[in-house]
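Trainee: First, the structure itself, so that you have it in front of you.
The values are calculated or read from the model by the stated rules, or taken from the named source; none is laboratory data. Remember, it's a predicted structure, so these values are computed and weren't measured experimentally. Neighbour counts run over all protein chains shown; Cβ positions are idealised from the backbone, glycine included. Just so you know, the surface numbers come from the protein's heavy atoms only, side chains and all, with ligands and any DNA or RNA stripped out. Shrake-Rupley method; radii C 1.70, N 1.55, O 1.52, S 1.80 Å.
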Amino acid sequence: MKKALVVITAVFFSAMGFLSLFAREIHNSSLPRVTAARPETRPFPTEFILEDGTVIEGTAERIAVTREQLEQGIFVLYYREKNGERRAFVRRAEVVTGAEKDGYFEVISGLSSNDFLVQSDRLLYENGEVILAE
Amino acid sequence: MKKISAVLLALIGAVFLLPVILTVIMSFRGEKGFSLQGYWDLLFDCFVFYPMFWNSIIYSAVITAVQLIVIIPCAFGFSQAKFKGKNGLFVFYIVLMMMPLQVTILPNYIGLRDMGLIDNPLGIILPLIFSPFGVVVMHQYMKSTDSSVIEAARLETNSIVRIMLTSVVPQLRVCISAVALFVFADCWNMVEQPMLFLKTDSLKTLSVFISNAQNYEGNLLFPSAVIFIIPVLLLYLFYGESLEKGLTLGELS
């Protein structure tokens, strides 16, 4: 009986020691690795209306996304506290697109220049936790 | 009559065991029946748990060891030394033993604050170095030890420490195990002192984690409670016989 207790105690504390050291790595290995970057901006044709009503055509830099990004879904990085730590999560951005030029779609709403767009080779989920690749 | 007592004791035992059994069952319960999701959430998604677990182990082990070093000579002094006010001092210890924690916690906090020991592990360990309970139990047990061994040791050496270590402590092994078990369990379960005296989460103990489990995401309460039970349970299974002998022999004396 004592021998069994010694073995159980050794296994328990060894497991707790192992998990204390490696639980975070095990957790992180199960999360999608993502890269984050500010959204690209591209010049899109636009109209400027002067005070006297004159319309001037020109271009303005607007946030742009590719067709591929639209098809895969646009995810934006955000941070929140979970279990006493600040962690990275992603949420789906519902973008409204406008004109298309050179394979890029103008974003009218749903994204701001302060957002970080996320790219990953794994499937992302709404409010899913992610790891930022270094 | 014996059968009725056995049945009654079994029922009382079942009443005490029921919360523990329910805790274990609930720790494996998910939304759709049996699930290990709670343990996964606790062990692989809540990393503040580990420092608190090891803090509990360290504080309890250190306090137990230091208390034994303090209370054994103290109890030996009570049993062997003759000085004025000995009985009064012993009664004072018994009064201290009966004093609830809530009475002393505020003076403790003020003293630790003035010493700069708030949010410091020493703020947990130092106030618990001395335990009147351990002195009283050990003193009662020492009364039943063989005094001729001490007399024989006095012929060989004048050193009180050597007499205590070579003649008295070996006779007290059972009592020491019993007291150590009580002290460890008491320190393991303490929640007020870490909650009040420690501010940083990484210094707090597992008992504080369990009391704040609803602040964390996931079903963490029951799995953490099961893990909380294990060290004390293992210690009791190791030293349970000593506990029984230590308490009953002290009574017989």
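Trainee: Would you mind telling me which numbered condition in (1) out of contact with any strand residue (DSSP E or B) (no Cβ under 9 Å at 6 or more places or on another chain); (2) open to solvent by 30 Å² or more (accessible area, probe 1.4 Å) B:Leu112 fails?
Mentor: Answer for B:Leu112: the failing condition is (2).
Trainee: If you check A:Arg92, A:Arg42, which single one turns out to be within 18 Å of the chain's Cα centre (by Cα) and either charged (D, E, K, R) or farther than 20 Å from A:Asn28 by Cα (or both)?
Mentor: A:Arg92
Trainee: Filter the range A:1-42 for residues that are farther than 30 Å from B:Tyr236 by Cα and of a type in the set (Lys, Arg); which is farthest from the other protein chains (Cβ to nearest Cβ)?
Mentor: Checking each candidate, the answer is A:Arg42.
To keep it simple, each residue is scored yes or no on (1) part of a helix (DSSP H, G or I); (2) open to solvent by less than 80 Å² (accessible area, probe 1.4 Å); (3) touching a strand residue (DSSP E or B) at 6+ places or on another chain (Cβ under 6 Å); (4) not hydroxyl-bearing (Ser, Thr, Tyr).
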position	(1), (2), (3), (4)
B:Ala10	yes, yes, no, yes
B:Leu17	yes, no, no, yes
B:Trp40	yes, no, no, yes
B:Phe47	no, yes, no, yes
B:Pro51	yes, yes, no, yes
B:Ser56	yes, yes, no, no
B:Val62	yes, yes, no, yes
B:Leu68	yes, yes, no, yes
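Trainee: Okay, moving on. Within the range B:185-196, does at least one residue satisfy the condition of being closer than 30 Å to A:Arg87 by Cβ and within 14 Å of chain A (Cβ to nearest Cβ)?
Mentor: No: the range B:185-196 contains no residue that is closer than 30 Å to A:Arg87 by Cβ and within 14 Å of chain A (Cβ to nearest Cβ).
Trainee: Shifting gears a bit: Among the numbered criteria (1) within 19 Å of the chain's Cα centre (by Cα); (2) free of Cβ contacts under 8 Å to residues at least 40 places away in the same chain; (3) open to solvent by less than 40 Å² (accessible area, probe 1.4 Å), which single criterion is violated by B:Met195?
Mentor: (3)
Trainee: Looking at (1) open to solvent by 20 Å² or more (accessible area, probe 1.4 Å); (2) assigned to a strand (DSSP E or B); (3) more than 30 Å from B:Leu221 (Cβ to Cβ), can you tell me which one A:Ala64 breaks?
Mentor: Only one criterion is unmet by A:Ala64, namely (1).
Trainee: Within the range B:163-179, is there a residue that is open to solvent by 50 Å² or more (accessible area, probe 1.4 Å), in contact (Cβ under 8 Å) with a residue 24 or more places away in the chain and over 22 Å from B:Gln67 (Cβ atoms)?
Mentor: no
Trainee: Being assigned to a helix (DSSP H, G or I) and open to solvent by 90 Å² or more (accessible area, probe 1.4 Å) is the requirement here; does B:Ile4 meet it?
Mentor: Spelling it out, B:Ile4 is indeed assigned to a helix (DSSP H, G or I) and open to solvent by 90 Å² or more (accessible area, probe 1.4 Å).
Trainee: Hey, another quick one. When you go through A:Asn127, A:Asn83, A:Asn114 one by one, which is the residue that is within 14 Å of chain B (Cβ to nearest Cβ), exposed (fewer than 14 other Cβ atoms within 10 Å of the Cβ), farther than 16 Å from A:Gln69 by Cβ and not basic (Lys, Arg)?
Mentor: Just a single option satisfies the conditions, and that option is A:Asn127.
Trainee: Starting from residues that are among the hydroxyl-bearing types (Ser, Thr, Tyr) and open to solvent by 20 Å² or more (accessible area, probe 1.4 Å), keep the ones in the range B:198-218 and report whichever is nearest to the other protein chains (Cβ to nearest Cβ).
Mentor: Out of the qualifying residues, it is B:Tyr216.
Trainee: Report whether or not A:Glu47 is outside any strand (DSSP E or B), surrounded by fewer than 17 Cβ atoms within 10 Å (Cβ to Cβ) and either modelled with pLDDT under 95 or within 14 Å of chain B (Cβ to nearest Cβ) (or both).
Mentor: When the stated conditions are applied, A:Glu47 does not pass them.
Trainee: Enumerate the pairs (first residue in the range B:133-154 and over 17 Å from B:Leu165 (Cα atoms); second residue anywhere and assigned to a helix (DSSP H, G or I) and of a type in the set (Val, Ile, Thr)) with beta-carbon separation below 7 Å, excluding pairs fewer than 6 apart on the same chain, so at least 6 apart or on different chains.
Mentor: B:Gly134/B:Ile71; B:Gly134/B:Val179; B:Gly134/B:Val183; B:Val136/B:Ile94; B:Val137/B:Val179
Trainee: Something else about it: Among the residues of the range B:219-234, what is the count of those that are facing chain A (nearest Cβ under 9 Å) and touching a residue at least 40 places away in the same chain (Cβ under 8 Å)?
Mentor: Total satisfying the criteria: 3.
Trainee: Taking the range B:131-161 as the search range and keeping residues that are open to solvent by less than 70 Å² (accessible area, probe 1.4 Å) and outside any helix (DSSP H, G or I), which one is nearest to B:Phe197 (Cα to Cα)?
Mentor: Step by step, filter the range B:131-161, then rank; the result is B:Ser131.
Trainee: For the range B:21-42, give me each residue that is touching a residue at least 24 places away in the same chain (Cβ under 8 Å) and either within 27 Å of the chain's Cα centre (by Cα) or within 14 Å of chain A (Cβ to nearest Cβ) (or both).
Mentor: Passing the criteria: B:Thr23, B:Val24, B:Met26, B:Ser27, B:Gln37, B:Gly38, B:Tyr39, B:Asp41, B:Leu42.
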